[in-house]
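Novice: My questions all concern the structure below.
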Amino acid sequence: MAPAGLRKFIDQLEKKGELRRIKSFVDPLLEITEFADRAISSNGPALLFENNGTPFPVLVNAFGSEKRISIALGKKDLNEIVKDFEKILVILSDTRPGITFNIKRLAILARLAKYMPVRTRKKGRCQQVINRNPDLNILPVLKCWPFDGGRFITLPIVHTINPLTGSPNAGMYRMQILDNRTTAMHWQLHKTGANHFRLWKETGKLMPVSVALGGNPVYTYAATAPLPENIDEYLLAGLLTKQKVKMVKCITNNIYVPEDADIVIEGYVDPAEPPVPEGPFGDHTGFYSLTDYYPKFHVTCITYAEDAVYPATIVGIPPKEDMFFTKATEKIFILPLKLSLTPEITAIHMPPAGVAHNLVIVSIKKSYPGQGLKVASSLFGAGQMMLSKYIIIVSDNADIYDYRKIAETVFENTDFKNDLIFLHGPLDVLDHSCDIPSFGGKMGIDATVKLPSEAPREKKINSEEIQKYLIALDELKENEIITGYKVLNGSASLPALIVAVKRMNGITDINKVVKNLKEKRAGEWFRLVLTVDEEVEISDYFMVTWQVLGNSDPLRDHYYIAESSVLIDGTTKAFKPGGFKRKWPQIVCADKETIRIVDEKWKESFNDIFVPSPSLKYIRLLKGHGDSV
């Protein structure tokens, strides 16, 4: 069973050796983040900071492994979740007539009813202490990164109500502290909270909002899950835990929250009030999301349990803790896609370097020509999958978790002239590479095994030919057009070239690079060329992949250097001739002083092992000072 509250979750983690208590003082301003980043990068434990200058211990990295997120969801492993949902969804989606199937559907509906959240009139654990004169400064809210605009609540479960239907929603939207009684509310354009806000604006009334922190850890996952707007997140929580979630009414508004939450922040948003600046914030993309305008949340009351714990997470250059939420989502939400839209799908994977929406790898059971392109097109319009930038479709004999094999599969089965599709569409609000915010290019790649009736693939190139050709690229280094190059794994089965582009007088001229590669006939030897900034370590394939996926608009930034050879430009567009239409964000790194302080404090708390700062690897990518380049 899932733990019944955050304290019990902590107890479970501690018994299983999955938690470390930090008893010496660690500052919520920058230092806790640096501790958490080191723990995450080293596959370390959850951390409980008991001495942070407030009455509330801070819990971070609680979901930072597949084992811990399985414990949070009350499962032995994530595959157990799939089995539970498959039985229910298959029956409910079966539209065959007949009394047998109707009886099965009724039985499933009755079973679902057992897990619907239930409201109680009693006060909850979350209301043991009631503060009607609230002050947000009592909470150990983190400032995560040096150029953040302030302190941010990073694991809030934000409760809103649709004013027309009365249906509730629980979503996760970061909240920047503005003063002791107000925050900014970062519900993004495509989220349910933003939709509720638009509906409340039409009513001309104040919008009630309540924010829960902690409680049963399954609530945190449910709030991040990409559910349809009409599905209650606490039904999902009930299904996962096999028990109803008890909900209590807030003190100063009509919102209901879980009775076992640790902390509840009640208040309202005034839709008539102008939005306020929010950000910058070191985000899960590994770049700062820059200042934008969002609604202001007014706090009317803070309630909490007597033994409350403050839960937090950090995001930044992947992989981070949110990667394990993505793992759970991959397994759970493949089922609705299979049943309603693309039944041929066998698996979905969102690699950490793609930060959930920049790259999706999908395997399918293929039975007809063009099916790979059909699935890619379907997914670009499917729920939250619509925000994906690159989607690779492979046949079901491919291991989508083996990146080397996937790369070989792409080159073996893809004609880069006929098997790519490009289109415009909605993108995540946090994507910084598109010319227009939230709207840009997408690429679908059909890397399925081709049927006889489909176009033939390209011939292979042998390693000796590639090595001879590389002499030509040395001339480009001598001309200072590029600073380095690397053949992917040095293998002819992976005819891809990574090129670090020289910045001349502050300008990166990718057109000059494309022209020279064409003149050097690079397209005869390499099917794919990836260009990155000169600071990128081209031997670090994770760094290269993250940079190319984040910094490119697939439609704008692809160039054919031969008929079936493509270059994708992953350089910083702020340095292109004429600059970029929007501000280009800085990457997210700790500052040297914080690293120095935490080096000393780490030794006090972890005398058994020293973990250096992950930021040391990425500081070389910083370009100037501040949140933008």
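Novice: Out of all the residues in region 575-590, is one or more in contact with a helix residue (DSSP H, G or I) (Cβ under 9 Å, 6 or more places away or on another chain) and over 26 Å from Arg503 (Cα atoms)?
Specialist: no
Novice: Let me confirm something: among Asp292, Asp270, which residue is of a type in the set (Asp, Glu) and under 30 Å from Ser388 (Cβ atoms)? Talk me through it step by step, then tell me what you get.
Specialist: Values: Asp270 fails: under 30 Å from Ser388 (Cβ atoms).
Being of a type in the set (Asp, Glu) and under 30 Å from Ser388 (Cβ atoms) holds for just one of Asp292, Asp270, which is Asp292.
Novice: May I ask you to verify whether Gly441 is modelled with pLDDT of 95 or more and outside any loop (DSSP other than H, G, I, E, B)? Before you say what the answer is, go through the steps one by one.
Specialist: Values: modelled with pLDDT of 95 or more: yes; outside any loop (DSSP other than H, G, I, E, B): yes.
Criteria met by Gly441.
Novice: Scan Gln384, Gln371 and give me the residue that is touching an Asp or Glu at 6+ places or on another chain (Cβ under 7 Å) and either at negative phi or not aliphatic (A, V, I, L, M) (or both). Lay out the reasoning, then the answer.
Specialist: Numbers: Gln384 fails: touching an Asp or Glu at 6+ places or on another chain (Cβ under 7 Å).
Just a single option satisfies the conditions, and that option is Gln371.
Novice: When you go through Lys405, Lys366, Lys417 one by one, which is the residue that is part of a helix (DSSP H, G or I) and among the basic types (Lys, Arg)? Step through it out loud before you land on a result.
Specialist: Numbers: Lys366 fails: part of a helix (DSSP H, G or I); Lys417 fails: part of a helix (DSSP H, G or I).
The conditions single out Lys405.
Novice: Could you check how many residues of region 498-519 are buried (at least 17 other Cβ atoms within 10 Å of the Cβ) and closer than 17 Å to Ile471 by Cβ?
Specialist: Number satisfying all stated conditions: 3.
Novice: Can you name the number of the only condition in (1) among the charged types (D, E, K, R); (2) surrounded by 21 or more Cβ atoms within 10 Å (Cβ to Cβ); (3) in contact with a Leu (Cβ under 8 Å, 6 or more places away or on another chain) that Asp553 fails?
Specialist: (3)
Novice: Residues of region 127-137 being part of a helix (DSSP H, G or I) and farther than 12 Å from Pro28 by Cβ, which ones?
Specialist: Residues of region 127-137 part of a helix (DSSP H, G or I): 127, 136-137.
Result: Gln127, Leu136.
Novice: Identify, by number, the condition in (1) assigned to a loop (DSSP other than H, G, I, E, B); (2) more than 22 Å from the chain's Cα centre (by Cα); (3) touching a residue at least 12 places away in the same chain (Cβ under 8 Å) that Thr594 doesn't meet.
Specialist: (1) is the only condition that Thr594 fails.
Novice: Here's a follow-up. If Arg582 satisfies all but one of (1) assigned to a helix (DSSP H, G or I); (2) under 21 Å from Asp431 (Cα atoms), what's the number of the condition it fails?
Specialist: (1)
Novice: Got a sec? Which helices (runs of 4 or more DSSP H) wholly within region 172-254 have at least 2 residues that are over 25 Å from the mean Cα position of the chain (by Cα)? I'd like the intermediate steps shown before the answer.
Specialist: Numbers: elements: 192-203, 217-224, 233-241.
By residue number, 192-203.
Novice: With Pro311, Pro319, Pro295 as the choices, which residue is surrounded by 24 or more Cβ atoms within 10 Å (Cβ to Cβ), closer than 20 Å to Glu66 by Cβ and of a type outside the set (A, V, I, L, M)? Even if it seems obvious, please write down each step before you answer.
Specialist: Working: Pro319 fails: surrounded by 24 or more Cβ atoms within 10 Å (Cβ to Cβ); Pro295 fails: closer than 20 Å to Glu66 by Cβ.
Going through Pro311, Pro319, Pro295 in turn, just one is surrounded by 24 or more Cβ atoms within 10 Å (Cβ to Cβ), closer than 20 Å to Glu66 by Cβ and of a type outside the set (A, V, I, L, M): Pro311.
The values are calculated or read from the model by the stated rules, or taken from the named source; none is laboratory data. What you see is a predicted model, and the numbers here were worked out from it, not measured in a lab. Cβ atoms come from the backbone with ideal geometry, glycine included; neighbour counts cover every protein chain shown.
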